[in-house]
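Scroll down for the structure; my scribbles are underneath it.
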């Protein structure tokens, strides 16, 4: 379970930043995370005095989508309504992922210092992909052990 923490930072200008505070993996800095349908993602603020609106859209088509089983915090009506997640607390808000496809999300400042929005990605892996990865890893480990045992037997 990843947690995405939102804040703002002054670089050349003030920008929105997002990161997983529990991860030391550099590829997960900048707000990109991995998830699976049925999994959960946590959302929180680094600063209690800020509030962010997060809009989700499909990576492949660019159409707005809502990837969670919970209801959105704010909806802007239209042909394809824009639904927002409001992140406004240091307390983690857990959301259940239902989307089967990879998503992009855009984070805008709702309250607090104005900042350029952030546009990272949520990579959604089907459950079978993770199972296949584990099986592949176990298979490689077993084959490596067998090869090592055979080489040891030949050299002794």
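Summary table below
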| quantity | calculated |
| --- | --- |
| Which of 95, 121, 10, 1 has the fewest Cβ neighbours within 10 Å, and the rest in rising order | 10, 1, 121, 95 |
| Neighbour-count order for 61, 8, 98, fewest beta carbons within 10 angstrom listed first | 61, 98, 8 |
| Residue order, fewest to most beta carbons within 10 Å, for 93, 74, 49 | 49, 74, 93 |
| Inter-site label distance for residue 116 and residue 70 at 7 Å from Cα along Cβ, in nm | 3.0 nm |
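Read-outs throughout are calculated quantities, based only on the coordinates presented, and are distinct from any laboratory measurement. Keep in mind that this is a model prediction, so the values were computed, not measured. Counting neighbours? That spans all protein chains shown, and the Cβs are built from the backbone with ideal geometry, glycine included.
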